[in-house]
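The values are calculated or read from the model by the stated rules, or taken from the named source; none is laboratory data. Model, not experiment: these values are computed from the prediction. Glycine gets a Cβ as well: all are built from the backbone with ideal geometry, and neighbour counts include every protein chain shown. These area figures cover heavy atoms from the full protein model, side chains too; ligands, DNA and RNA do not enter into them. Shrake-Rupley method; radii C 1.70, N 1.55, O 1.52, S 1.80 Å.
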Amino acid sequence: MAQLWGGRFTKETDKLVYNFNASISFDQKMFKQDVEGSRAHVKMLAKQGILTDDEKEQILSGLEDIYSDVLNGKLEITDEYEDIHSFVEANLIDRIGEAGKKLHTGRSRNDQVALDMKLYTRDEICEINGLLKELLEVLIKLMEENPDTYMPGFTHLQKAQPITLAHHMGAYFEMFKRDRQRLDDIYRRMNYCPLGSGALAGTTYPLDREYTAQLLSFEGATLNSMDSVSDRDYLIELLAAMSTIMMHLSRFCEEIIIWNSNEYRFVEIDDAYSTGSSIMPQKKNPDIAELIRGKTGRVYGALVSLLTTMKGIPLAYNKDMQEDKELTFDAIDTVKGCIALFTGMIRTIKFNKDIMRTSAMKGFTNATDAADYLVNHGVAFRDAHGIIGRLVLYCIDQDKAIDELSLDELKAICPVFEEDIYEAISLETCVNKRTTIGAPSPDAMREIIKINKEYLKLG
Ligand code: ARG
């Protein structure tokens, strides 16, 4: 047991207490960030005359050695240390002696861990953002390739009006675009450096907090030392943003699962992204989509868990906050894995365009357009709605689509119908006439694709 704080204690820590308290098993994920933070701290201490240049050099080169030894496997992070901060400091003292004991001058593990977690989170936000961008690239490609791939649009999972595959993919494009914007917002808001806040009340050393902030590429220093060591808002925001990403992925997965079912057959998931059954030889299951849908609960759980942990914590640092790590790390890894897998699945999925088209032609997806036809020929909309309702009943009885009826049959229900009704309610017309911003016509979609391609160019 290597501890930083044995001085005022007369007894060894109980082994169970030690294990319960220790965080090395998971905070070693922040090793790189811990070293990076220490480097900046030491440079600042030397600049302020709190350490000599010689001490600074010794510490920096000791940290460098520890860093490379861990990366190339020469030095192992073991549970002999309480946490990652103790591991680095103890090893530094082992290696360079007296100067190593000065590393922690003007610093507490409270501001140190707050910094490490922010550095870690910042990197991960960028990674998630990049993964979402790759997904958006796949979606925009599908949008460009499918401006006139017709399919039914649904409300209540009942066929409603015809749309295109481009339009459907475009809906998800907007969702994931907002997800990236949320991540950018969080990054901007959290990007202030807590280092130098000490345990809770700053420090009596003449630290230059703006300098460390600058060395670590923060926008500036945080403005209240108590808040700095106990702020976990940015993690809650990130967990909320990741929950929303998962919610979007989960909705998309749900659709893929439905579309992949024997009844729909709109898509076929690539063999590389499907799994079989141990008993039913015919099965090809959408397990990946189901797992992503399933893992959504886990990320929501992390959000609720951290909100609950934080709700009763008095200022400033309390050990409860150590609970932020495992769940945040797990949620981040889950979200990254899910986005990457989902992107691969959607990139390789096969769309059965004929089946989608046929499906769009059935189920009276052109009923609204038939009513609009009557409106354009002088019938009031409410009357037109009633007439088409009766027409649909007749069609159901005859087991036909509206455009499979003869003009005589149509006229028997409403004399306003003429030969041009067939053109007016064809699949192409139903989609192509919907030209307002955000609507599915290929012309309207082209505009949206152009806007979104410009957006992707921004980074
Ligand atoms: N492992 C701790 C955490 O994750 C580091 C901070 C420890 N601070 C303390 N006062 N015990 O929160």
Discussion item. Considering only segment 319-330, I want to know if a residue exists there that is open to solvent by less than 50 Å² (accessible area, probe 1.4 Å), more than 16 Å from the ligand (Cβ to nearest atom) and modelled with pLDDT of 95 or more.
Written reply: no
Worksheet entry | Condition met for residue 308 (within 23 Å of residue 331 (Cα to Cα) and free of Cβ contacts under 8 Å to residues at least 40 places away in the same chain) | yes
Discussion item. I need a count of the residues in segment 335-357 that are within 10 Å of the chain's Cα centre (by Cα) and more than 16 Å from residue 252 (Cβ to Cβ).
Written reply: 1
Fill in: Failed condition for residue 211, given (1) within 16 Å of the ligand (Cβ to nearest atom); (2) over 25 Å from residue 127 (Cα atoms); (3) hydroxyl-bearing (Ser, Thr, Tyr); (4) assigned to a helix (DSSP H, G or I)
(1)
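So that you can scan it fast, the table gives a plain yes or no per residue for (1) farther than 18 Å from residue 310 by Cα; (2) of a type in the set (D, E, K, R); (3) over 25 Å from the mean Cα position of the chain (by Cα):
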residue	(1), (2), (3)
185	yes, yes, no
193	yes, no, no
206	yes, no, yes
213	yes, no, yes
221	yes, no, yes
232	no, yes, no
240	no, no, no
Worksheet item: Looking at this structure, is residue 94 within 32 Å of the chain's Cα centre (by Cα) and modelled with pLDDT of 95 or more?
Response: no
Worksheet item: In segment 87-142, which residue that is part of a helix (DSSP H, G or I), of a type in the set (S, T, N, Q) and under 13 Å from residue 195 (Cβ atoms) is farthest from the ligand (Cβ to nearest atom)?
Response: 112
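So, in segment 395-408, how many residues would count as being assigned to a helix (DSSP H, G or I) and buried (at least 16 other Cβ atoms within 10 Å of the Cβ)? Before the answer, list the steps.
Keep residues of segment 395-408 that are assigned to a helix (DSSP H, G or I), which gives 395-398, 402-404, 407-408.
If we keep only those that are buried (at least 16 other Cβ atoms within 10 Å of the Cβ) too, we end up with 395, 402-403.
Qualifying residue count for the region: 3.
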Fill in: Pick from segment 191-227, criterion farther than 16 Å from residue 36 by Cα and of a type in the set (Val, Ile, Thr), ranking: surrounded by the most Cβ atoms within 10 Å (Cβ to Cβ)
222
Item to complete: Could you grab me the full set of residues in segment 60-85 that are within 16 Å of the ligand (Cβ to nearest atom) and buried (at least 20 other Cβ atoms within 10 Å of the Cβ)?
Response: 81, 82, 83, 84, 85
Discussion item. Return the residues of segment 145-191 that are free of Cβ contacts under 8 Å to residues at least 40 places away in the same chain and among the small types (Gly, Ala, Ser); say none if nothing qualifies.
Written reply: 171
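Quick check, is residue 369 within 22 Å of residue 163 (Cβ to Cβ), open to solvent by 70 Å² or more (accessible area, probe 1.4 Å) and assigned to a helix (DSSP H, G or I)? Outline the logic, then answer.
Working: within 22 Å of residue 163 (Cβ to Cβ): yes; open to solvent by 70 Å² or more (accessible area, probe 1.4 Å): no; assigned to a helix (DSSP H, G or I): yes.
No; evaluated as a whole, the condition is false for this residue.
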Item to complete: Considering each of 38, 61, 68 in turn, give the residue that is under 22 Å from residue 193 (Cβ atoms), small (Gly, Ala, Ser) and in a helix (DSSP H, G or I).
Response: 38
Worksheet entry | Neighbours by Cβ (under 9 Å, 6+ apart or cross-chain): first from segment 335-354, in contact (Cβ under 8 Å) with a residue 12 or more places away in the chain and surrounded by fewer than 17 Cβ atoms within 10 Å (Cβ to Cβ); second part of a loop (DSSP other than H, G, I, E, B) and polar (S, T, N, Q) | 353/146; 353/149
Worksheet item: residue 377 is checked against (1) closer than 29 Å to residue 149 by Cβ; (2) out of contact with any helix residue (DSSP H, G or I) (no Cβ under 8 Å at 6 or more places or on another chain); (3) touching a residue at least 12 places away in the same chain (Cβ under 8 Å) and fails just one. What number does that condition carry?
Response: (1)
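Taking the residues in segment 281-315 that are in a helix (DSSP H, G or I) and polar (S, T, N, Q) as candidates, determine which candidate is surrounded by the most Cβ atoms within 10 Å (Cβ to Cβ). Don't jump to the end; show me each part of the working.
Filtering segment 281-315 for residues in a helix (DSSP H, G or I) gives 287-310.
Then keep just the ones that are polar (S, T, N, Q); that gives 296, 305, 308-309.
Numbers: 296: 23, 305: 17, 308: 10, 309: 18.
Across segment 281-315, the extreme among qualifying residues is 296.
Assess whether residue 454 counts as being within 30 Å of residue 249 (Cβ to Cβ) and among the charged types (D, E, K, R).
Working: within 30 Å of residue 249 (Cβ to Cβ): yes; among the charged types (D, E, K, R): yes.
Answer is yes for this residue.
Taking residue 279, is it at pLDDT below 95 and of a type in the set (A, V, I, L, M)?
Values: at pLDDT below 95: yes; of a type in the set (A, V, I, L, M): yes.
When the stated conditions are applied, residue 279 passes them.
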